[in-house]
Amino acid sequence: MTSPIPGLITWPVLTGITLVLAGRWWLLRDSIIDRLINIGLAAGLFEHLLREAWFEQSLARLLPGADTDVVNIARQLSLGATVLTISNIYGIAKLWAGADPAHTWRRQWRYYLVAITAIAVILIAGTPARHADQLIDQTLGWPAVVVWVAFSLPLGATALLVGRVSAREMRADTTWQERALYTAVLGTAVGLGIVAVVYPLETTINVVTGQPSFDPEMHWKAWSGFLLSAVGAPAVITVPLISTLLTHIGWDRTGRYCRRLRPMWADLTAAVPEIALEMRRVHNDRTDPAIRLHRMTVEIRDSLLHLKRYSDSPDDLAASDPHIYTRRIAEAIATKAAGRPPSASRVTPQHQVQPGARDLTAELRQLLALAKAWPHVRGLTKSP
């Protein structure tokens, strides 16, 4: 079907999907689920392009054969692109339900085979409509029933699986943000289920009773499909993309903590380079922010322990006032830089880091307070 949705609506939405897809291929392509989402999103974008009149006309000019044949094949292939998108969603839902990730692609190729079979059935059963230069619901007949059954079965199976898994997750101990996301996913699954039931049922009733379709131009199908696949699903997919983008540019909370600690961490690791840890790189040669924050916290703590041996007042080095604490740290760095030897007697058991559980939140809060006071004493780190 050629989309009846005005360009004022479709163009911004399709542009948004394209940007989301480009962002995901840039930032979210490492995991299995991310690759499945990206493939499904690409198929969904192609689905909507195949329904746009300008795209159909462009294909008619580029491809051999009668223009009407090319346009009608494009319209029916848009249904096939929807099924291909659904096959990726089903694969994601299987992983979400607990399937073995090691066999993901073996399973996924089976889902693709089902999608290809459904596409073939749609094209074969849609032949009478193409020959008549009509839409499927204009031609009707039992071939139309076959088309909508072949189209709806993958949608129904996916709706059942996604709905069951999202309902299970909502009953678990989750945050309100996670529940909001699961609610959106569940709503999309319910919409898919309604479509999977109504499309073939409505067509079967029309054929059995001999009544024409109440919507031969398929406007209702176009709007319902657009809302589900062009608005609902990408909106859910956009949530992790936004979170990842903020992490990538360092605007997430962990990234902000790292930036605040960096000046003090750089000075301390320069003063005590032997405590530096090896960094593990991830995608785009970047370090995971959580790993980076953990490393900075450990290295700051270890360097402070090391610098106590160079402090004239090691007990004051752990003063509660951040300004006093940072001043003692800066003086210890200057003492070490001046070449004075450490005093082994100043490292007593009460000054050592004790094994066992620590209040990591309180420790991070203390380090952030020190980092805030650090710029005021950096000048003291230079040896006389």
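The values are calculated or read from the model by the stated rules, or taken from the named source; none is laboratory data. What you are looking at is a predicted structure, and each value in this text was computed from that prediction instead of being measured. Quick reminder, even Gly has a Cβ in these numbers, built from the backbone with ideal geometry, and neighbours come from all protein chains shown.
Quick notes on this structure:
- Qualifying residue in segment 17-37 (condition: among the hydroxyl-bearing types (S, T, Y) and closer than 26 Å to A74 by Cα): yes
- Test result for I17, of a type in the set (V, I, T) and more than 31 Å from the chain's Cα centre (by Cα): no
- Pairs are defined by a Cβ separation below 7 Å, a sequence spacing of at least 6 or placement on different chains, a first member in segment 25-42 that is touching a residue at least 24 places away in the same chain (Cβ under 8 Å) and in a helix (DSSP H, G or I), and a second member that is of a type in the set (D, E, K, R) and surrounded by 14 or more Cβ atoms within 10 Å (Cβ to Cβ); the pairs so defined are I37/R24; L41/R24.
- Sole residue being in the same structural domain as G65 (by TED's automatic domain parsing) and on the phi > 0 side of the Ramachandran plot, chosen from D100, D133, D137: D133
- Residue check, T244 at pLDDT 80 or above, out of contact with any His (no Cβ under 6 Å at 6 or more places or on another chain), within 27 Å of G16 (Cα to Cα) and hydroxyl-bearing (S, T, Y): no
- Residue in segment 5-12 that is closer than 28 Å to P200 by Cβ, surrounded by fewer than 16 Cβ atoms within 10 Å (Cβ to Cβ) and modelled with pLDDT under 90 present: yes
- Selected residue (criterion: nearest to V147 (Cα to Cα)) from residues of segment 79-109 that are modelled with pLDDT of 90 or more and among the small types (G, A, S): G80
- Residue within segment 31-48 that is of a type in the set (G, A, S), in the same structural domain as N88 (by TED's automatic domain parsing), surrounded by fewer than 19 Cβ atoms within 10 Å (Cβ to Cβ) and under 19 Å from S87 (Cβ atoms) present: yes
- Of everything listed in (1) surrounded by 12 or more Cβ atoms within 10 Å (Cβ to Cβ); (2) at pLDDT below 85, the single unmet condition for S320 is (1).
- Matching entry among T188, T139, T183 (being under 30 Å from D67 (Cβ atoms) and of a type in the set (S, T, Y)): T139
- Members of segment 105-126 that are of a type outside the set (A, V, I, L, M, F, W, C) and assigned to a helix (DSSP H, G or I): R106, R107, Q108, R110, Y111, Y112, T117
- From the options A129, A102, A157, A180, residue that is among the small types (G, A, S), part of a helix (DSSP H, G or I) and surrounded by 21 or more Cβ atoms within 10 Å (Cβ to Cβ): A129
- Output for segment 210-226, where each listed residue is over 39 Å from the mean Cα position of the chain (by Cα) and either within 16 Å of W148 (Cβ to Cβ) or among the aromatic types (F, W, Y) (or both): Q211, P212, S213, F214
- In segment 103-111, the condition of being in contact (Cβ under 8 Å) with a residue 40 or more places away in the chain, among the β-branched types (V, I, T) and touching a Pro at 6+ places or on another chain (Cβ under 8 Å) is met by no residue.
- Single residue of V207, V190, V145 found to be within 26 Å of Y90 (Cα to Cα), over 27 Å from the mean Cα position of the chain (by Cα) and assigned to a helix (DSSP H, G or I): V145
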